[in-house]
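Below is one structure; the comments refer to it alone.
The values are calculated or read from the model by the stated rules, or taken from the named source; none is laboratory data. Since the model is a prediction, treat every value here as computed from it, not as a measurement. Positions of Cβ are generated from backbone atoms using ideal geometry, with glycine treated the same way; all protein chains shown enter the neighbour counts. Please note that ligands, DNA and RNA were not included when accessible areas were found on the heavy atoms of the full protein model with its side chains. Shrake-Rupley method; radii C 1.70, N 1.55, O 1.52, S 1.80 Å.
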Amino acid sequence: MRKPEANAIALCPVCRQPMRPTSEKCPSCGAERHYGPRVVESAVCAFAGMVLLAALSTLLLPISLWTIMFAAIGLVAGFLFSHNRFSGDRWLK
């Protein structure tokens, strides 16, 4: 692979090796630019929101239809939180 020209060099945020500024993948360390949350991050946040709000509703009220509604609201809130938290572009190895 050719080395990039001196005026077109950017440094990889992970390994600090020279690369092209428009690259989506670093040729030296393999880090990739990623936009938005990964599936694992969305799933973990959604599950955590569902469990936390369901547990909170169980502490306030006995288990009922409200517990299921709070769990559904927590699921959506956790999913939206993950999209807000991991919304930018970042470099993942």
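At a glance:
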quantity: Close pairs (8 angstrom Cβ cut-off, 6 or more residues apart or separate chains): in contact (Cβ under 8 Å) with a residue 40 or more places away in the chain in segment 42-70, in a helix (DSSP H, G or I) anywhere; calculated: Ser42/Phe79; Ser42/Ser82; Ser42/His83; Cys45/Gly78; Cys45/Phe79; Cys45/Phe81; Cys45/Ser82; Cys45/Arg85
quantity: Some residue of segment 45-52 being open to solvent by less than 50 Å² (accessible area, probe 1.4 Å) and touching a strand residue (DSSP E or B) at 6+ places or on another chain (Cβ under 6 Å); calculated: no
quantity: Failed item in (1) under 23 Å from Val14 (Cβ atoms); (2) at pLDDT 90 or above; (3) open to solvent by 100 Å² or more (accessible area, probe 1.4 Å), with Glu41 passing the rest; calculated: (3)
quantity: Some residue of segment 6-16 being in a helix (DSSP H, G or I), under 30 Å from Phe79 (Cα atoms), open to solvent by 90 Å² or more (accessible area, probe 1.4 Å) and of a type in the set (A, V, I, L, M, F, W, C); calculated: no
quantity: Residues satisfying the stated conditions in segment 23-38, i.e. open to solvent by 90 Å² or more (accessible area, probe 1.4 Å) and touching a residue at least 60 places away in the same chain (Cβ under 8 Å); calculated: Glu32
quantity: So Arg20, is it open to solvent by 80 Å² or more (accessible area, probe 1.4 Å), charged (D, E, K, R) and more than 23 Å from the chain's Cα centre (by Cα); calculated: yes
